[in-house]
1. Taking Cα pairs under 8 Å and at least six residues apart, what relative contact order does the range 174-233 come out at, in percent?
2. Would you kindly compute the Cα radius of gyration of the chain and its largest Cα-Cα separation (Dmax), both in Å?
3. Kindly rank 73-79, 235-241 from highest to lowest mean number of other beta carbons found within 10 Å of each residue.
4. What is the ratio of the Cα radius of gyration of the range 111-204 to 2.2 N^0.38 Å, where N is its residue count, to two decimals?
5. First select every other residue whose beta carbon is under 13 angstrom from the beta carbon of Arg249; then total the charges, Lys and Arg +1, Asp and Glu -1.
6. Using Cα-Cα distances under 8 Å and only pairs 6 or more residues apart, what relative contact order does the chain have, in percent?
7. Which of the aspartates and glutamates could be linked to Lys222 by a straight reach, that is with a Cα gap under 16 Å, when you skip same-chain ones fewer than 8 residues away?
8. Which far-off residues, 5 or more places away or on another chain, put their amide H under 5 Å from the one on Arg7, with H placed in the peptide plane?
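Please treat every number below as a calculation from the coordinates, not as lab data. Since we're looking at a predicted model, the values are computed, not measured. Note: ideal-geometry Cβ built from the backbone for every residue, glycine included; neighbour counts use all protein chains shown.
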Amino acid sequence: MPLPGLRRIDLDRHRRALLRRFAVRTEAQCRRFVDALGFCYAFTAGPGDIPGLFDVIGTRSVDRMWSWAWQWKDALATRRRLFYGRVLRRKPTYISLAYLPHFYALSGNVGEPDDYLTAYEAGRLSALAREVYEQIARAGPVNTWALRRRFIGTRGSGNRLHRALDELQERFFIAKVAEVEGRGNYAFIWDAFSRWMPDVVRQAGGIRSEDAAGAVLRGYLKIVGAASPRQVEELFRWPPSLLPAAADRAAVVPVDLDGTSGAESVWTLPDVLRAMRPPARSRPLTRSRRSAPAR
């Protein structure tokens, strides 16, 4: 049977309507935006068509955008009102506390002290990331300056260290817990994720990976309206074997984007599809088509 058709113009309208609901000018409004979406980028929009805070921030001043966003990120993350880290495609990401256990359940961790060794032996962590994690787990909280002195030195490039920190954030081994300033510069303070958010680790222990993926996929499709399986795989970097189970748990429906021959088949949700394709209203008859009054 042919798949239902979806017009690109309706998909774009869905995404614009989602963002029009928000005009963020305060820290509390920033948190409500993240909680409403479940996850988004912390600054600019990015891969997967996921919006960023700058899409809804209530100012046209670029300087003010960065100033507000940086302050809110620091305050909300350090008070554990949400999670901030380089997660989606290693781009600064906000995740609400409601979705955080699902993301952790998909990280491959089970909350054991040797999770990082399992990831390292499987080739998912570099040697430097393993050493950095061991230092943070042993001596944390610890700031980026101290890690640089220990692993890079004063003359070496910090790129390797930042890549290691990105690896550890992406897999929820570490979390940013505060910031520190000094000599006109700043540094993040890091701690082991399991020590910083033990409740999230406990909640994740009761969530199957298939159910976690289904919940995240459903949240993603509510944000973007529709996406192809390839887009989902590239954004979340899930094993291909997990995609069918995620689609089943999320109860996705396949549609043809633009409804034309050869168009890319995408996934959406039944309620989202109904909202994007409202039933056509019957057009009232014009005066000339109405029956003439009886005489």
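1. For the range 174-233, the relative contact order is 21 percent.
2. 23.1, 100
3. The peptides rank, most packed first, as 73-79, 235-241.
4. Here the Cα radius of gyration is 1.07 times the empirical estimate.
5. Working: positive: Arg208, Arg218; negative: Glu210, Asp211, Asp248.
Here the count lands on -1.
6. Relative contact order, the chain: 21 percent.
7. Hits, sequence-local ones excluded: Asp10, Asp12, Asp35, Asp49, Asp248, Asp271.
8. Excluding prolines and chain starts, which carry no amide H, the hits are Asp258.
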